[in-house]
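S.K.: Structure provided below as structure tokens; questions to follow.
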Amino acid sequence: MSNLETRPTEQVCAVGAPVADVEVLDARDVPLGGPRAMSVRRTIPQRSRSLVGAWCFCDHYGPDDVSGSEGMQVPPHPHIGLQTVSWLFAGEILHRDSVGSLQAVLPGELNLMTAGHGISHSEETPAPEPGRVRPGVLHGVQLWTVLPSDARDVAPHFEHHGDLPVAAADGVRVHVFMGELTVLGETLVSPARTYTPLVGAQVDLAPGTSVVLDVDPGFEHGLLVDAGDVAFEGAAVPPATLGYVAPGRGTLTVAAGERPVRAVLIGGAPFTEDVVMWWNFVARDHDEIVAARDAWAAQVGEEPDGATTYTPGAGDRRFGQVDGYSSGPLRAPVLPDVRLRPRSRP
């Protein structure tokens, strides 16, 4: 998914200061694709905490009725230095990218794109086909992870995983899509490729139930609550917020109140490299962002009236070309007028 803000804020992401118990992070609403488009709730990055392990971006959207609209429509756009993690609760998204992938993702499946040195992709709610009904609701999360320095220039590639490990018993269901997690006496390991120690999992609880997750005490964790009455390590975490806990715990307890719970657990070893994020780029300094932005602008072309079209042979073609999407690519926003000065690490 793209960050479609026309004036994105350039941010330096660093390991946050420790918290004593559970820190609750509120979301901010971000329009995705213009004034009439769907809105997403973004919990990270934000000023108080920009990373949870290597997880650097968390958008939470829906449930949105897309039966009478085009739903999600994100034209081709570029990425560097990250992995995009697409995970749905309901609906369907069609992914296209510049390495030739064409893959729908459904609830319980994972689309994982590694941008590395540079990739471009689009995402859309599929148009109805003859004999097929468009899913009426779109609901899920879009996550990014930072690639470490020794992997951030890898060749771009894409993975789809439709059979991911699940543990379930007595009103508890845990579905691991990234990394590994021990729950209900089982160690669940996702086949998805990761570049730093991390975990990502969906947790579903029936009313009045709870689950104890055995976790790596060296990890920090966040619990994004989609629905329900949740107690995370004894603290209330409302829907559409993210509860954060610092490293040092070997178990995490998630409990449901009177309403059923659906939540997403993310976690990982604290990421020790400073990271600069701007628009759809994850880099290490301002100059890398400028180079990526200039390469995309040269590749797609920028007309005086603001239109953008692919221009074969223009620029260095760092990001490749997405075929099959109904419109041209996104134009790169204007960079800030000042050079970013890195924020001090706590």
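S.K.: What nm distance separates the two modelled labels at residue 236 and residue 249, each placed 7 Å from Cα along Cα→Cβ?
M.R.: With each label placed 7 Å out from Cα toward Cβ, I get 1.8 nm.
S.K.: Where does the Debye-calculated log10 I(q)/I(0) of region 106-168 sit at q = 0.20, 0.21 Å⁻¹, using only Cα point scatterers of equal weight, no solvent?
M.R.: The Cα Debye sum returns log10 ratios of -1.01, -1.06.
S.K.: Additional query: Using a simple spin-label model with points 7 Å from Cα along the Cα→Cβ vector, what separation in nm is obtained for residue 285 and residue 26?
M.R.: About 3.7 nm separates the two model spin labels.
S.K.: Give me the orientation-averaged projected area of the Cα convex hull of region 11-268, in nm², one decimal.
M.R.: 13.9 nm²
S.K.: For the pair residue 210 and residue 48, what calculated FRET efficiency results from E = 1/(1 + (r/R0)^6), where r is the Cβ-Cβ distance and R0 = 41 Å, to the nearest 0.05?
M.R.: 0.90
S.K.: D for region 225-276, whole µm²/s, Stokes-Einstein with Kirkwood Rh over alpha-carbon pairs at 37 °C and 0.692 mPa s: what number?
M.R.: Values: Rh = 12.4 Å.
My calculation gives 265 µm²/s for D.
S.K.: Evaluate Rg over Rh across region 59-123, taking Cα atoms for both radii and Kirkwood's formula for Rh.
M.R.: Over the Cα atoms of region 59-123, Rg/Rh equals 0.97.
S.K.: Then there is this: Under a crude label model (7 Å from the Cα following the beta-carbon direction), how far is residue 166 from residue 327 in nanometres?
M.R.: 3.6 nm
S.K.: Could you calculate the FRET efficiency of residue 184 with residue 227 from 1/(1 + (r/R0)^6), where r is the beta carbon distance between them and R0 is 25 Å, rounded to 0.05? Please list the in-between numbers first.
M.R.: Values: r = 21 Å, r/R0 = 0.86.
With R0 = 25 Å, the Cβ-Cβ based efficiency is 0.70.
S.K.: Another question, then. Taking N as the number of residues in region 124-272, what is its Cα Rg relative to 2.2 N^0.38 Å?
M.R.: 1.14
S.K.: Placing unit charges on C-beta atoms (Lys and Arg positive, Asp and Glu negative, everything else neutral), compute the dipole magnitude of region 11-268 about its Cα centre in debye, rounded to 20.
M.R.: 460 debye
Where a number appears in this text, it was derived from the coordinates with a stated rule and is not lab data. This one's a predicted model, so the numbers in the text were calculated from it and none came from an experiment. Reconstructed Cβ throughout: ideal geometry from the backbone, glycine too, with neighbour counts over all protein chains shown.
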